[in-house]
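Heads up: the structure comes next, in structure tokens.
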Amino acid sequence: MASEDVKILGGWPSPYVMRPRIALNIKSVNYEFLQEQFGSKSDLLLKSNPVYKKIPVMIHGEKPICESLIIVQYIDEVWDSGHSILPSDPYDRAVAKFWATYIDDKWFPGLRAISRAEGEDAKKEAAEEVIAGLVLLEDAFIKCSKGKSFFGGEKIGYLDIALGCFLASLTVTEKMGNIKLLDENKTPNLFKWAEKFSSDAAVKDVMPETGKLMDFAKVLIAKSKAS
Amino acid sequence: MAEVKLFGNWGSPFSCRIEIALKLKGVEYEFIEEDVYNDNKSPLLLKYNPVHKKIPVLLHNGKPICESVVILEYIDETWEGPSILPKDPYERAMARFWTKFLEEKCFPPMKQASWSTGEEQEKAKEEATELLKILEGTLSGKKFFGGDSIGMVDIVANFIAHWFIILQEITGLELLTHEKFPKLGQWLDDYLSCSIIKETLPPKDKLTASFQARIQAATTSK
């Protein structure tokens, strides 16, 4: 059995930090959660991730592992407790990795663009792009879930974690922008999935509460306007 | 009908990666040339990669796999032969990390340094130099990024070994030299003398001509 000397360097608001925490919860692996102070980077973070200087970083024994989805795959390969996070079939694995890349490279930047958009027209256009992305992901859900509750099937898997970590940010964006993104009519499966994901045992304690995240977002926006 | 097909382009470093991997595993495949640079994509490509409409796409038993790094991992998991990713989970995480580093951090400024001018170019050159120093560091004590033999990171670094080196020659840029980066220089020599690499990289003169044509087109359209 692998040593369980595990630390996660991160912060409670970060969706990327949620990913390895969910994965460790799935595997029932205890870890020490070392929260970075917002606005500064600890010596441990700079030493463990000199290339990017970003959270999350997982430190297993003495070894640092960086980049959230790389950490999730590492966790899945080291521990066989709980259930498998990546699908067992190579083709299904490739599909999950394809959509996770799409979410990180295209979809989430699109979500962030909504709050940065200036003017109603720009906001509307940004929102439409995010919704179009959700429609693609709805289709992916139908194909991957094969009639079950999650992208991973009966249980939460890699793609659930990759997308689900952004649900709190999605809700905050909807509330602050007074827009609807995750629509029960347009993407009914994703709508149901969001509820199931958020209340899953491996997720609920690490998903930030919407109100708290919204307050944090407001502080960030105020800071960026002041600078 | 071939069970493995690869949609690619002769001049693309991305589809080249896939060819290297398939050859490493000894997999026979049909290469389908897509005229992507003239925006003349086939209906089949658009059908198999509707989200990005890009090459490479690997078709295995009728099922498409897209995104070159995803395809590389799929190939490694599906066929026997030399490993593309290490077996040890920590080493795998490192290989995936450096692959991502190359793609997201290194290649953009290297491309920018090659194609831009003036202040933009100077900035890109500085950035690329810092990143090459990091890469140089990772080669300590290793022949290839993958160790004794070529792995995922080496395959993805095909852009550096061939496309970037050719661009340097054309533009007179001297970012990556044996003097400045002795380990990377040695890696270049070793990499380019691997038989699979030699037989898979697009011909240098053809690539040079195509880059020169692009530069010509860019300067005349100003």
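The values are calculated or read from the model by the stated rules, or taken from the named source; none is laboratory data. Everything quoted here is computed from the prediction, not taken from an experiment. Here the Cβ is made from the backbone with ideal geometry for all residues, glycine too, and neighbour counts use every protein chain on show. Ligands, DNA and RNA are excluded from the accessible area calculation, which covers all protein heavy atoms including side chains. Shrake-Rupley method; radii C 1.70, N 1.55, O 1.52, S 1.80 Å.
Can you tell me which residue among A:59, A:70, A:26 is more than 18 Å from residue A:169 (Cα to Cα), open to solvent by less than 40 Å² (accessible area, probe 1.4 Å) and in contact with a strand residue (DSSP E or B) (Cβ under 8 Å, 6 or more places away or on another chain)? Spell out how you get there, then give the answer.
On the way: A:70 fails: in contact with a strand residue (DSSP E or B) (Cβ under 8 Å, 6 or more places away or on another chain); A:26 fails: in contact with a strand residue (DSSP E or B) (Cβ under 8 Å, 6 or more places away or on another chain).
Answer to the selection: A:59.
Among residues belonging to segment A:48-73 that are under 26 Å from residue A:220 (Cβ atoms) and charged (D, E, K, R), point out the one that is nearest to the other protein chains (Cβ to nearest Cβ).
That would be A:67.
Quickly run through segment A:167-214 and pick out the residues that are under 16 Å from residue A:23 (Cβ atoms) and in contact with a Leu (Cβ under 8 Å, 6 or more places away or on another chain). Give the steps one after another, and end with the answer.
The first filter runs over segment A:167-214 and keeps only residues under 16 Å from residue A:23 (Cβ atoms), leaving A:197, A:200-207.
Within segment A:167-214, A:197, A:207 qualify.
Residues being more than 9 Å from chain A (Cβ to nearest Cβ), outside any loop (DSSP other than H, G, I, E, B) and hydrophobic (A, V, I, L, M, F, W, C): count how many of those fall in segment B:76-97.
1
Among the residues of segment A:74-100, count how many are under 21 Å from residue A:11 (Cα atoms) and facing chain B (nearest Cβ under 7 Å).
From segment A:74-100, those under 21 Å from residue A:11 (Cα atoms) are A:74-75; that's our starting set.
Right, trim to facing chain B (nearest Cβ under 7 Å) and you get A:74.
Residues flagged as under 21 Å from residue A:11 (Cα atoms) and facing chain B (nearest Cβ under 7 Å) within segment A:74-100 amount to 1.
Could you give me the residue pairs with C-beta distances under 7 Å whose first residue belongs to segment B:5-19 and is more than 17 Å from residue B:160 (Cα to Cα), whose second residue is basic (Lys, Arg) and surrounded by fewer than 21 Cβ atoms within 10 Å (Cβ to Cβ) wherever it lies, and which are 6+ apart or on separate chains?
Every condition considered, no pair remains.
For segment B:1-29, name all the residues that are small (Gly, Ala, Ser) and open to solvent by 20 Å² or more (accessible area, probe 1.4 Å). Before you say what the answer is, go through the steps one by one.
In the first step, residues of segment B:1-29 are kept if they are small (Gly, Ala, Ser); the result is B:2, B:8, B:11-12, B:15, B:21, B:26.
Once the filter is applied, which keeps residues that are small (Gly, Ala, Ser) and open to solvent by 20 Å² or more (accessible area, probe 1.4 Å), segment B:1-29 yields B:2, B:26.
Got a number for residues in segment B:52-63 being open to solvent by less than 40 Å² (accessible area, probe 1.4 Å) and facing another protein chain (nearest Cβ under 10 Å)? Reasoning before the result, please.
Pass one, segment B:52-63, residues open to solvent by less than 40 Å² (accessible area, probe 1.4 Å): B:52, B:55-60.
Filter once more, keeping what is facing another protein chain (nearest Cβ under 10 Å): B:52, B:58, B:60.
The qualifying residues number 3.
Could you figure out which of (1) touching a residue at least 60 places away in the same chain (Cβ under 8 Å); (2) touching a Pro at 6+ places or on another chain (Cβ under 8 Å); (3) among the hydrophobic types (A, V, I, L, M, F, W, C); (4) farther than 30 Å from residue B:28 by Cβ isn't true of residue B:128?
(1)
Looking at A:200, A:183, which is the one that is open to solvent by 20 Å² or more (accessible area, probe 1.4 Å), touching a strand residue (DSSP E or B) at 6+ places or on another chain (Cβ under 9 Å), more than 14 Å from every other protein chain (Cβ to nearest Cβ) and modelled with pLDDT of 95 or more? So that I can check it myself, show each step before the final result.
Details: A:183 fails: touching a strand residue (DSSP E or B) at 6+ places or on another chain (Cβ under 9 Å).
Of A:200, A:183, the one residue that is open to solvent by 20 Å² or more (accessible area, probe 1.4 Å), touching a strand residue (DSSP E or B) at 6+ places or on another chain (Cβ under 9 Å), more than 14 Å from every other protein chain (Cβ to nearest Cβ) and modelled with pLDDT of 95 or more is A:200.
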